[in-house]
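The values are calculated or read from the model by the stated rules, or taken from the named source; none is laboratory data. Owing to the predicted nature of the structure, the values given are computational and were not obtained by experimental measurement. Glycine gets a Cβ as well: all are built from the backbone with ideal geometry, and neighbour counts include every protein chain shown. To get the accessible areas, we keep the full protein, side chains included, count just its heavy atoms, and leave off ligands, DNA and RNA. Shrake-Rupley method; radii C 1.70, N 1.55, O 1.52, S 1.80 Å.
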Amino acid sequence: MGLLTIGAFAKASRLSPKALRLYDELGLLPPARVDPVTGYRLYAPDQLERARLVAWLRRVGMPLVRIRHVCALDAGAAAREVRAFWARTEADFAARRDLVAFLVGHLEREDPDMTATVSPLSIRYAAGSDAGLVRETNQDTAYAGSRLLAVADGFGAGGAPASAAAVDALKHLETDGVPAGGLLDVLADAVEQAERAVHGAVRTASAAEEAGTTLTAMLWTGSQLALVHIGDCRVYLLRDGELFRITHDHTVVQAMIDEGRIGPEEAASHPQRSMLVRALGSGADGTPDMRLHDARPGDRYLLCSDGLPTVAPDGEIHRVLAGAGQPERAVRELVALANGAGGPDNVSCVVADVVAST
């Protein structure tokens, strides 16, 4: 079979002539020959397989730059790259799904017809922070109040003032009322205030460009906890005896797990396990995850810096949360758990119990 005209090749590959011209310009799918007189592009039949692969990858939404990379790989490596792309796509979809759930919950709270009558609830809480057994200073900040629960983990030369500034910027939520229907705006404003505060705190620190903080906070509304999460601090929920992790780490290693590049068992020893993809600080992506959690009497929430889960498996965290009585005791035992495992990092914990108001 001879060379195919661009029209015939477009029909066979299910790519439009316009797309083929674009892919030629990008070096993704150059024609086998260009007629020197007419300028017509001519394609070889053996180019159809690559063209169809490009078409399929475009259908799943892969960017052209990544398609060019995939097409340069052998079949096995290309398959792994496609698998990794789709895993990342599903993770991004899950993040958008969580935001949609937040928005739906937020809007339903504004609708009088959707407001259910519930028994009044309140929270009992405690916070604690410890430098651990290896670090000379503590760059964590932990806070617990009647409405605000927060943990921040600073990094870099100005990490300690950065984490303190981020949490301090949210403390006005303890006393400021949340306007009816204004929870979403309040949370967005709070993150912006925290980001400005962090920039101010690290501006005079040495190596300020490398300083910043994570921030994970929950705002108690009376029947719900609104979550704001940036970085790799975590939130766990103990409900009906089961432990659930309700945050997703914003780290390079977690992204690699999401993409199927490594397994969870490899993450603990990976050299990039502490590298963040989201944080508050100079040049960082400070986009927060946000969720609403309907509270139930008996719920126990744990907010903690990564100094705890890095050394303590979920089973041990579960054991302590389920066995400790008051929040103060749970915090002490969780800090002791981290230090008992070597305490290589600062560790901060906030424990809050949801109880029926008396």
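Of everything in the stretch 336-358 that's of a type in the set (A, V, I, L, M, F, W, C), farther than 11 Å from residue 126 by Cβ and touching a residue at least 60 places away in the same chain (Cβ under 8 Å), which residue is most open to solvent (accessible area, probe 1.4 Å)? Residue satisfying both the conditions and the ranking: 356. Of all positions in the stretch 256-272, none carries a residue that is surrounded by 16 or more Cβ atoms within 10 Å (Cβ to Cβ), under 20 Å from residue 163 (Cβ atoms) and touching a helix residue (DSSP H, G or I) at 6+ places or on another chain (Cβ under 8 Å). Scan the stretch 309-318 residue by residue and report those that are in contact (Cβ under 8 Å) with a residue 40 or more places away in the chain and either part of a helix (DSSP H, G or I) or surrounded by fewer than 21 Cβ atoms within 10 Å (Cβ to Cβ) (or both). Of everything in the stretch 309-318, those that are in contact (Cβ under 8 Å) with a residue 40 or more places away in the chain and either part of a helix (DSSP H, G or I) or surrounded by fewer than 21 Cβ atoms within 10 Å (Cβ to Cβ) (or both) turn out to be 310, 314, 317, 318. Looking only at residues of the stretch 319-328 that are in contact (Cβ under 8 Å) with a residue 40 or more places away in the chain and either within 10 Å of residue 304 (Cβ to Cβ) or surrounded by fewer than 18 Cβ atoms within 10 Å (Cβ to Cβ) (or both), we find that the one that is farthest from the chain's Cα centre (by Cα) is 326. Only one entry in 23, 43 is crowded, with 18+ Cβ neighbours inside 10 Å, under 37 Å from the mean Cα position of the chain (by Cα) and either in contact (Cβ under 8 Å) with a residue 12 or more places away in the chain or more than 26 Å from residue 78 (Cβ to Cβ) (or both), namely 23. When the stretch 239-252 is filtered for residues that are out of contact with any Gly (no Cβ under 6 Å at 6 or more places or on another chain) and either within 19 Å of residue 87 (Cα to Cα) or in a loop (DSSP other than H, G, I, E, B) (or both), the ones remaining, listed by number, are 240, 241, 246, 247, 248, 249, 251, 252. Taking the criterion of being touching a helix residue (DSSP H, G or I) at 6+ places or on another chain (Cβ under 7 Å) and free of Cβ contacts under 8 Å to residues at least 60 places away in the same chain, the only residue of the stretch 237-255 that qualifies is 253. Residue 49 - would you say it is farther than 30 Å from residue 261 by Cβ and either surrounded by fewer than 12 Cβ atoms within 10 Å (Cβ to Cβ) or polar (S, T, N, Q) (or both)? No: the conditions fail for residue 49. The residue that is surrounded by the most Cβ atoms within 10 Å (Cβ to Cβ), counting only those in the stretch 141-163 that are over 21 Å from the mean Cα position of the chain (by Cα) and assigned to a helix (DSSP H, G or I), is 161. Restricting attention to the stretch 54-79, report how many residues are open to solvent by 60 Å² or more (accessible area, probe 1.4 Å) and either under 19 Å from residue 16 (Cβ atoms) or in contact (Cβ under 8 Å) with a residue 60 or more places away in the chain (or both). Counting residues in the stretch 54-79 that are open to solvent by 60 Å² or more (accessible area, probe 1.4 Å) and either under 19 Å from residue 16 (Cβ atoms) or in contact (Cβ under 8 Å) with a residue 60 or more places away in the chain (or both) gives 6. For residue 255, the conditions (1) assigned to a helix (DSSP H, G or I); (2) touching a Phe, Trp or Tyr at 6+ places or on another chain (Cβ under 9 Å) all hold with the exception of (2). Residue 147 satisfies every condition listed in (1) modelled with pLDDT of 95 or more; (2) more than 20 Å from residue 287 (Cβ to Cβ); (3) in contact with a Phe, Trp or Tyr (Cβ under 7 Å, 6 or more places away or on another chain) except (1).
For residue 277, the criteria (1) open to solvent by less than 30 Å² (accessible area, probe 1.4 Å); (2) modelled with pLDDT under 95 hold in every case but one, which is (1).
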